Amino acid sequence: MGLLKFIAVGAAIGYGINYITKKGDNGRSILDDITEDAPEWFEKAKAYATEKIDLAVDEVKQKRNDYQ
């Protein structure tokens, strides 16, 4: 049973890799699109995290000032 599961998982992984690297009508693959857009997503995530950290710091400072 373990061997059958191993074969099924291997086939699924192989199919997935084939699917994301297969070139479409425009000559680009899903992987090409993802790697091209990744830096933009990283910058958006970094800006979002910075904004949320700043909000949390401001809230803590306000609570600390209210406590004193």
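Every number here is computed from the coordinates shown, using simple stated rules; none is lab data. The structure displayed is predicted, hence computed values, not measured ones. Neighbour counts run over all protein chains shown; Cβ positions are idealised from the backbone, glycine included.
Details
- Rg/Rh (Cα only; Kirkwood hydrodynamic radius) as it applies to the chain: 1.39
- Cut-off 12 Å between beta-carbons: net charge of the residues surrounding V57, Lys and Arg +1, Asp and Glu -1: 0
- Net +/- balance of residues flanking K46 in space, Cβ distance below 13 Å, scoring K and R +1, D and E -1: -2
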